[in-house]
Amino acid sequence: MLNELDKDKLSSMCASFGLKSSGAKAELVTRLIDFYDDLTFEERVTKDSREEWYANYELLAGRAYAELPAKRLINKDLDIEHMFEDATAFLFEARLHVPCDMTRKDNKADGKLQLDNTQCLLLDCKSAEAAVNLQDYLDTQFDGYLRKERDSGKQPLGFLVIAPGFTPQSLRLAYQYKARTTWDVALITAEGLRHLADRWVIAEPQKPFPVRLLNRTDIIDKERAEILLSLV
């Protein structure tokens with residue numbers, strides 16, 4: 001291919017690569033071939049480090065101490081908490097195509113899904129070896145987070161709690177809280193949320209999931225996730 005180019009073009013190519021641009025045409029061709037032969041090409045793979053944590057989403061949610069160290073994912077207990085939060089952000093951003101602001105600040109929810117200029121959904125990730133009891137967090141944490149957001153001039157519509165599972169009385173407490181405050185509390189299992197995300201990214205590789213569908217006082221498990229998908 002180089003032999004088919006004229007000498008001026010070959011000379012210009014040599015000059016653009018910082019090579020000597022004078023000489024016979026055959027010399028210019030040889031010079032360019034040698035230049036390319038000496039190049040080393042490295043494959044550039046851009047991978048979000050959170051993807052591996054997402055692949056172990058249910059294990060992180062359930063604090064599977066027997067399996068996580070074997071996968072060389074964690075070194076200490078706090079790693080689970082942070083990885084679960086980061087994997088959740090990856091789930092919303094890369095699978096559901098919804099921006100997720102994870103704060104990691106004291107006296108604030110773990111994250112926020114901004115719906116418009118004022119409306120939002122707050123979320124908290126609760127990794128635990130057993131089913132999470134909403135009573136342990138509702139009045140002591142979640143209610144305060146919602147009220148603080150409201151007092152700052154925003155309009156939080158509800159709260160998403162993401163955990164491996166929930167105690168039987170948790171849904172009853174969520175209904176009572178809804179009646180008392182009008183704020184919804186969605187109890188979302190890690191399995192259900194990941195199922196929703198995996199199904200959505202296949203069906204809609206670019207379209208954002210309408211996260212307002214998650215704003216409901218309900219337990220959103222794998223079966224409920226299928227119902228929500230059918231509503232879109």
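The values are calculated or read from the model by the stated rules, or taken from the named source; none is laboratory data. This structure is a prediction, so every number in the text was calculated from the model and none was measured. Cβ coordinates were reconstructed from backbone atoms using ideal geometry, including for glycine residues, and neighbour counts include every protein chain displayed. The accessibility values were calculated without ligands, DNA or RNA, using every heavy atom of the protein model including side chains. Shrake-Rupley method; radii C 1.70, N 1.55, O 1.52, S 1.80 Å.
Would you tally the net charge around residue 130, using a Cβ to Cβ cut-off of less than 14 Å, leaving residue 130 out, and scoring K and R as +1, D and E as -1? It would help to have the intermediate numbers written out before the result.
Values: positive: 63, 126; negative: 129, 136.
Cβ neighbours under 14 Å give a net charge of 0.
In debye, nearest 20: dipole of segment 74-128 around its Cα centre with unit charges on the Cβ of K, R (+) and D, E (-)?
On the way: 7 positive and 11 negative charges, 14 e Å.
Using Cβ point charges on Lys, Arg, Asp and Glu, segment 74-128 gives about 60 debye.
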Worksheet item: What Rg and what Dmax come out for the chain when only alpha-carbon atoms are used, in angstroms?
Response: 26.6, 89
Discussion item. How large is the Kirkwood hydrodynamic radius of segment 98-223, counting all unique pairs of alpha carbons, in Å?
Written reply: 14.9
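Can you give me the orientation-averaged projected area of the convex hull built on the Cα atoms of segment 70-163, in nm²?
7.0
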Practice prompt. Could you work out which residue, out of 209, 17, 90, moves most in a Gaussian network model of the chain, that is, has the largest mean-square fluctuation with Cα springs under 10 Å?
Written response: 17
Worksheet item: So for the pair residue 94, residue 154, with labels modelled 7 Å out along Cα→Cβ, what separation do we get in nm?
Response: 2.4
Worksheet item: Of 126/148; 126/178; 47/148, which sit over 26 Å apart, Cα to Cα?
Response: 47/148
Worksheet item: Tell me, how many Å apart are the Cα centres for segment 115-158 and for segment 190-227?
Response: 19
Discussion item. Can you tally the net charge around residue 216? Count Lys and Arg as +1, Asp and Glu as -1, for every other residue whose Cβ sits under 11 Å from the Cβ of residue 216.
Written reply: +1
Worksheet item: Can you give the helix-only mean residue ellipticity at 222 nm for the chain, where every DSSP H stretch with n ≥ 4 adds -39500 (n - 2.57) and the sum goes over all residues, rounded to the nearest 500 deg cm²/dmol?
Response: -12000 deg cm²/dmol
Worksheet, complete the sentence: The size of the Cβ-based charge dipole (Lys, Arg +1; Asp, Glu -1) of segment 79-196 about the Cα centre, to the nearest 20 debye, is 420
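Where only protein heavy atoms count, and the probe is 1.4 Å, what is the accessible area per residue for the chain in Å²?
Numbers: 13000 Å² over 232 residues.
Heavy-atom SASA per residue in the chain reads 56 Å².
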Worksheet item: Which value in Å is the Kirkwood Rh of segment 142-206 over different Cα pairs?
Response: 13.6
Worksheet item: How many percent of the accessible area of segment 73-232 is carbon or sulfur, using a 1.4 Å probe?
Response: 46
